[in-house]
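Structure, as structure tokens:
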Amino acid sequence: MMRKILVILAIVGFAVVLLPLAYQAGVQPAPGALATEYLEKAPAELGTANVVTAIVVSYRGFDTLGEVAVLFAATAGVGALLTRKRLGLASTREKRMPATEILRTATRFLTSLLILFGVYIFVHGHLTPGGGFQGGVVIATAILLNLLAEPESHLAHGVMTGVEALSGAAYVTLGLLGAFLAWGFLDPRVLPAGSIGALVSAGTVPLIYSVIGLKVGAELSGILDALKGDRE
Amino acid sequence: MASDIAILIAGAVMIAAGIGAIVTRSLLVSIILSGGVSLVASLVFLLMGAPDVAMTEAAIGSGLTTVVFLYALARSKQADHEDSDKRVDNPASEAGGAS
Amino acid sequence: MNILEFLAGINPVAASGAIVVLIGLWGILARPNLFKIAIAFTIMETGVNLIILSVGYIRGRTAPILDSAADAATASARMTDPVPQALVLTAIVIGLAVTALMLSYAVRLRAGGGASSIESYGEEKW
């Protein structure tokens, strides 16, 4: 009884805090000064058609680097928590149901298409909606299909670790190139901005977003593989 | 105006799915409904002029999160009924009988 | 100010986001099952993202993506605020990783022979 009253009190308290937010949000007539600056300057300075990409990759690029680091830490945590030794399952190896013929055939067809689609999404991140995070998730979906189709199989951990380490190193290297050759860390103006709408434009923005895409794809696949289980 | 009405309807669906996800005793139903909340939220994001966020929410919030939950449920041999501590080999087969 | 005026001033997106946050909070506090708490966390996270995005939402404006270079001059008069979108974009990805970490702790606790109710792990909760 006491507990129910406390729960209700907590919810009512939160509701009181959130009410002014719900009332005031969205009433602003125009973007703020900072957003206006980004909207007007991003296409001219960086050559990106998608302003959100310009913010994620360049203006707030340091945040994104930190975010990728958090993602890496969480993946490492999941992997460390779920090894067989720690779970005390050293000897028992349970049998898994084999996948159906439909799933296996569809996987053979779809894997390459899904990976191609993921690469398409993150290569076009500076022109259309989408980018490294979305493309990385699509690549992780392709790997998930393979894990479902072959329940006994596992990711090649060497390959995954290699992709992740290389893309992380490439991300920082591109950032440092911006610091030395252009205005600051993660500045994409190392390469020419080009014309808006062309695939090869916006300096190093497509390169950075591709690297983020590969890293996110490898990390999310690692999480899925660790949670699936049966890892040595 | 049309998008305002669509946002209101989507908000109502989202709230209903959210309440359903908390009220139900079946963990599988709860997982599916919370995936539904994310899917409707991605529709709202799209209506609000945020296609980037809508793509991410649809792919991660309603896609991969659901898979991660299902893997964890199967891995821990948790029975489908949330008050039960029984270990089962296949949570999905319990879904019909547990509640 | 009468009640009808007050209701008309509420932003539908932020209001439904706030209600979704409250639903998630209720689930976190009222349910003892570890997996149910993780589900409630993801619901709450969706609500928080809705509220953050609604701050930059301006009725009737388009997505912050340009068609051609000529658009840039009028961009700030036609487009929504891109800054909250960039923040929410990364928050969603982090959310998945944190959920996976939460679930792997739950799996660990279960594998050690533990119960799935949080009440069997001491008095931390209440």
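Scanning the range B:17-48 for residues that are open to solvent by 10 Å² or more (accessible area, probe 1.4 Å), farther than 27 Å from C:LEU89 by Cβ and part of a helix (DSSP H, G or I) gives B:ILE19, B:GLY20, B:VAL23, B:LEU28, B:VAL29.
Residue selection: C:ALA106 satisfies the criterion of being facing another protein chain (nearest Cβ under 7 Å), more than 16 Å from the chain's Cα centre (by Cα) and in contact (Cβ under 8 Å) with a residue 60 or more places away in the chain. Looking only at residues in the range C:45-72 that are at pLDDT below 75 and assigned to a helix (DSSP H, G or I), the one that is farthest from the other protein chains (Cβ to nearest Cβ) is C:ALA70. Each residue in the range C:30-39 was checked for being hydrophobic (A, V, I, L, M, F, W, C) and crowded, with 21+ Cβ neighbours inside 10 Å, and 4 pass. Count of the range B:68-80 residues, restricted to those that are crowded, with 21+ Cβ neighbours inside 10 Å, of a type outside the set (Phe, Trp, Tyr) and either assigned to a helix (DSSP H, G or I) or at the interface with another protein chain (Cβ under 7 Å from one of its Cβ atoms) (or both), is 6. Flag set for C:THR42, criterion: among the polar types (S, T, N, Q), open to solvent by 10 Å² or more (accessible area, probe 1.4 Å) and at pLDDT 85 or above.
Of the listed requirements (1) of a type outside the set (Asp, Glu); (2) at pLDDT 70 or above; (3) crowded, with 17+ Cβ neighbours inside 10 Å, C:ALA75 misses just one: (2). Taken as a whole, the condition of being part of a helix (DSSP H, G or I), at pLDDT 75 or above and of a type in the set (Phe, Trp, Tyr) applies to C:TYR105. The residues on offer are B:ALA58, B:ALA54, and the sole one that is in contact (Cβ under 8 Å) with a residue 12 or more places away in the chain, more than 7 Å from chain C (Cβ to nearest Cβ) and touching a Phe, Trp or Tyr at 6+ places or on another chain (Cβ under 7 Å) is B:ALA54. Restricted to helices (runs of 4 or more DSSP H) entirely inside the range A:118-232, those with at least 2 residues that are buried (at least 22 other Cβ atoms within 10 Å of the Cβ) and within 14 Å of chain B (Cβ to nearest Cβ) are A:132-149, A:205-228. Checking every residue in the range A:97-115 against the condition of being acidic (Asp, Glu) and either modelled with pLDDT under 80 or open to solvent by less than 20 Å² (accessible area, probe 1.4 Å) (or both) gives zero matches.
Taking the range A:156-172 as the range and being of a type in the set (A, V, I, L, M, F, W, C) and under 19 Å from the mean Cα position of the chain (by Cα) as the test, the residues that pass are A:VAL159, A:MET160, A:VAL163, A:ALA165, A:LEU166, A:ALA169, A:ALA170, A:VAL172. Return yes when A:VAL56 is in contact (Cβ under 8 Å) with a residue 60 or more places away in the chain, closer than 19 Å to B:VAL53 by Cα, surrounded by 20 or more Cβ atoms within 10 Å (Cβ to Cβ) and facing chain C (nearest Cβ under 7 Å) and no when it is not. Criteria met by A:VAL56.
Selection of the range A:34-75 for residues being of a type in the set (Phe, Trp, Tyr) and closer than 25 Å to A:GLU164 by Cβ yields A:PHE62, A:PHE72. Any chance the range C:34-43 includes a residue that's more than 8 Å from chain B (Cβ to nearest Cβ) and closer than 28 Å to A:VAL56 by Cα? The answer is yes, given that some residue of the range C:34-43 is more than 8 Å from chain B (Cβ to nearest Cβ) and closer than 28 Å to A:VAL56 by Cα. Checked across the range A:84-95, the condition of being at pLDDT 80 or above and out of contact with any strand residue (DSSP E or B) (no Cβ under 8 Å at 6 or more places or on another chain) holds for no residue.
The values are calculated or read from the model by the stated rules, or taken from the named source; none is laboratory data. Since the structure is predicted, the reported quantities are computational estimates derived from the model, not experimental observations. Neighbour counts are summed over all protein chains in view; Cβ atoms, including those assigned to glycine, are modelled from backbone coordinates with ideal geometry. For the accessible areas, the whole protein counts, side chains as well, though only heavy atoms, and no ligand, DNA or RNA atoms are used. Shrake-Rupley method; radii C 1.70, N 1.55, O 1.52, S 1.80 Å.
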